[in-house]
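Following: one structure in structure tokens, then a few remarks.
The values are calculated or read from the model by the stated rules, or taken from the named source; none is laboratory data. Keep in mind the model is a prediction, meaning the values are calculated, not measured. So basically every Cβ, Gly included, is an ideal-geometry build from the backbone, and we count neighbours across all protein chains shown. Heads up: the accessible areas ignore ligands, DNA and RNA and are worked out on the full protein's heavy atoms, side chains in. Shrake-Rupley method; radii C 1.70, N 1.55, O 1.52, S 1.80 Å.
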Amino acid sequence: MDINTPVPTIYGDQLEKFGELWKKQVQTLKEKFGDAIEEVLFPKEANTDVPIIFVQAARIIDVLGFMKNDAGFEYGFLADLTATDEESAPRFHVVYNLLSRKSMSRVRVKVRTDEENAVPTAISLWPAANWAEREVWDMFGVRFEGHPDLRRILMDVRWEGHPLRKDYPLRGYQIFPTPEAIDPSLLNY
Amino acid sequence: MSIDQKTSENIMKNERLPDLGLPQGGHYSVDHDPDDLWGDSRVIVNIGPTHPAMHGALRMVAKINGETIEKSYCEFGYTHRAKEKLGENRTYHQFVVYTDRLNYCSALVNNVTYAMSVERLMGVQVPDRAVWIRMICCELARVIDHLICVGINAVDLGAFSFFLYGFHQREEAYTLIEKLCGARLTTSYTRIGGLMADAPEGWEKQVKDWVKRTRVVIDEMDALLTGNKIWCQRTIGVGIMDAKLCQAYSVTGPAVRAAGLNYDLRRDQPSMFYKDMEFDVPIAQNGDVFDRYLVRMEEIRQSLNIISQCCDRIKKGPIWADDKRVRIPEKDVVHNTMEGLIHHFKFFMTGFEVPPGEAYTTFEAPNGELGFYIVSKGGPAAHRMRIRGPSFYHFQTLTPVSDGLKIADMVGLLGSMNIIAGELDR
């Protein structure tokens with residue numbers, strides 16, 4: 001094979017199986033939520049394996065709740081919650097990877113946000129979002145509105161900076177001679 | 001201020017502790033009258049981070065009343081090695097070695113899943129023989145992981161010889177893996193678009209012999225422990241993770257199947273050649289420690305079935321994709337031609353470029369759904385390398401499930417969850 005020959009990518013390999021379903025779902029979402037759906041990237045048209053649905057931060061819980069419970073969607077499983085640093089305003093994308101255990105189709109919901117603007121927490125829909133959101137706060141410094149316990153999770157509570165930001169230095173030390181103390185307020189009923 | 005808060009503050013500041021000849025630390029709270037043992041016998045204990053019953057460097061801070069955990073919270077991150085940051089600053093080829101250190105009990109599954117996710121981004125087709133070897137590797141790793149999980153779970157609850165039966169087979173499996181790639185634990189066996197090396201002559205036959213021997217041992221282990229009265233009393237009805245909790249907390253793998261949800265990515269979202277394989281997905285109903293043990297034992301048997309089917313169907317052939325972007329040049333080409341040397345140098349110093357795009361690739365790892373969410377903006381390193389380890393979501397359920405349990409039962413629960421610190425902390 002010549003090195004200059006463009007190689008066919010996999011983007012769109014699931015279109016045959018889920019293409020119709022995804023089109024219908026995106027259509028329903030657009031009709032129901034209108035402006036709250038900012039943009040939809042479809043596989044093959046964009047470089048992605050599943051549709052990416054950009055949602056306004058203010059309406060994200062409505063949209064996720066609808067996608068979780070509506071009979072045509074049933075994305076009841078939060079496969080993953082993470083974020084990416086895009087290095088251009090708005091800086092962060094919070095990413096929800098959803099899976100429907102009924103149809104075994106996946107979609108990706110994204111929210112654009114930045115350092116100042118918080119994203120509503122998804123704990124009311126999935127308690128699993130609790131630690132995932134804490135990790136996003138720890139690593140990116142994205143705040144989640146309504147989160148009951150937004151502490152650092154992987155780094156020490158005294159750590160400064162958010163390591164997965166693109167402008168975070170690759171070398172340097174923060175050394176704590178004493179271990180992290182017990183927080184008794186977390187042990188109240 | 002309640003008595004509880006006073007107690008905890010004293011533990012933190014370590015003051016006003018009368019000299020009772022006890023070691024001064026967080027384990028003794030004597031703020032109340034020393035004679036009044038049951039007036040308020042609540043104490044805060046640190047379980048971990050270095051405690052033999054906590055698998056890996058995990059820490060649980062529990063307020064206990066007698067032996068019962070009343071309220072607790074968990075902490076981790078003691079083995080955080082910034083893998084996701086490394087993924088953004090290493091080439092795709094260099095990152096293979098870091099995937100070993102995720103779930104180090106089943107390193108091969110991580111290797112394979114990582115290779116699959118980058119191949120998906122690049123549209124690389126791997127030849128059949130490489131896929132068959134990868135499938136055998138995945139199932140070998142699954143057997144190893146399940147053996148160590150049920151074995152150590154039994155050790156924690158006092159059944160030692162059961163663990164040794166399993167460990168013997170596990171050592172033999174590691175010897176098979178050593179024949180494949182020279183390493184036992186940190187394998188780094190897959191490459192993007194192929195494998196490090198072909199399986200040696202007669203390897204498939206050795207694997208089949210091992211499968212035969214292991215089948216016998218699994219039946220022996222089953223006879224040894226499953227009906228054991230002490231084991232049953234310690235595990236049945238303990239640490240129940242029901243279907244609702246599993247859904248809410250994104251639990252996957254054997255834990256969710258033990259709760260009665262019929263869900264396995266190998267069957268429901270087949271990758272490699274799993275759709276051609278005949279195997280059953282075992283499910284149980286109650287979601288307690290015993291059911292998770294039963295599901296794991298049955299999954300070992302099903303994995304052995306898959307391995308022997310793979311060994312029957314594997315054929316000779318190439319192990320590298322016919323794609324110059326990802327294929328590491330042969331050594332005689334490197335040493336004897338100028339172009340080969342340049343290719344070699346560019347491959348290892350600069351790395352190959354992955355076209356812009358993003359994909360979330362998942363595979364059923366022994367613990368549950370292992371996913372790599374890779375965002376590429378072109379270039380030889382990822383823009384975002386998110387690793388979704390099942391342990392991260394499983395460990396979150398420890399606190400809600402263990403509150404109200406005895407400490408000894410919490411140890412059994414934790415063992416049956418199979419939390420691997422390398423995957424949890426990344």
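Given labels modelled 7 Å from the Cα in the Cβ direction, how far is it in nm from residue A:165 to residue B:406?
In this crude spin-label approximation the distance works out to 5.0 nm.
Helix B:107-122: angle to the longest alpha-carbon principal axis of chain B, degrees 0 to 90, nearest 10?
The answer is roughly 50 degrees.
Excluding same-chain residues fewer than 8 positions from residue B:315, which aspartates and glutamates have a Cα within less than 14 Å of its Cα?
Within reach: B:128, B:198, B:201, B:204.
Please compute the average number of Cβ atoms from other chains found within 10 Å of each residue's Cβ in peptide A:175-188.
5
Could you list the GluC sites (Glu not before Pro) in the stretch B:191-285 that lie in coil according to DSSP, counting only those with at most 10 other Cβ atoms within 10 Å of their Cβ?
Passing both the DSSP loop test and the Cβ count: B:201, B:278.
Go through the stretch A:110-181 and name the GluC sites (Glu not before Pro) that are in a DSSP coil and have 11 or fewer other Cβ atoms within 10 Å of their Cβ.
Counting only loop positions with at most 11 other Cβ atoms within 10 Å, the GluC sites (Glu not before Pro) in the stretch A:110-181 are A:116, A:160.
A 31 angstrom limit on the alpha carbon distance is what I want to check against. Which of B:83/B:316; B:83/B:179; A:44/B:324; A:166/B:244; B:208/B:244; A:23/B:275 exceed it?
Cα-Cα > 31 Å for B:83/B:316; A:166/B:244; B:208/B:244; rest within.
Taking R0 as 25 Å, what FRET efficiency do you get between residue B:273 and residue B:219 from their Cβ-Cβ distance, rounded to the nearest 0.05?
After rounding, the FRET efficiency stands at 0.35.
Give me the angle, in degrees from 0 to 90, between the Cα long axis of helix B:289-313 and the longest principal axis of the Cα atoms of chain B, rounded to the nearest 10.
10 degrees
Leaving out ligands, DNA and RNA, calculate the buried accessible area for the pair A and B with a 1.4 Å probe, summed over both sides, in Å² to the nearest 100.
5400 Å²
Would you please give the FRET efficiency between residue B:244 and residue B:316, computed as 1/(1 + (r/R0)^6) with r the Cβ-Cβ distance and R0 = 45 Å, to the nearest 0.05?
The pair residue B:244/residue B:316 has a calculated efficiency of 0.35.
I need the peptides A:74-83, B:112-121 ranked by packing, meaning the mean over residues of other C-beta atoms within 10 angstrom, with the highest value on top.
Result, highest mean first: B:112-121, A:74-83.
Measure nothing fancy, just the Cα-based angle from helix B:407-417's long axis to the longest principal axis of chain B, in degrees from 0 to 90, nearest 10.
Compared with the principal axis, the helix lies near 10 degrees.
Of all chymotrypsin sites (Phe, Trp or Tyr not before Pro) in the stretch A:125-174, which ones are in loop regions per DSSP and have a Cβ with at most 11 other Cβ atoms within 10 Å?
Values: sites: A:131, A:137, A:140, A:144, A:159, A:173; in loops: A:159, A:173.
Here the chymotrypsin sites (Phe, Trp or Tyr not before Pro) that fit, given the DSSP loop and packing criteria, are A:173.
When all protein chains stay in place, what accessible area (Å², nearest 10, 1.4 Å probe) is found for residue B:161?
About 60 Å², rounded to the nearest 10.
So in chain A, what percent of DSSP beta bridges are antiparallel if you round to the nearest 5? Walk me through the numbers on the way to the answer.
Details: 20 of 27 bridges.
So the antiparallel bridges in chain A amount to around 75 percent.
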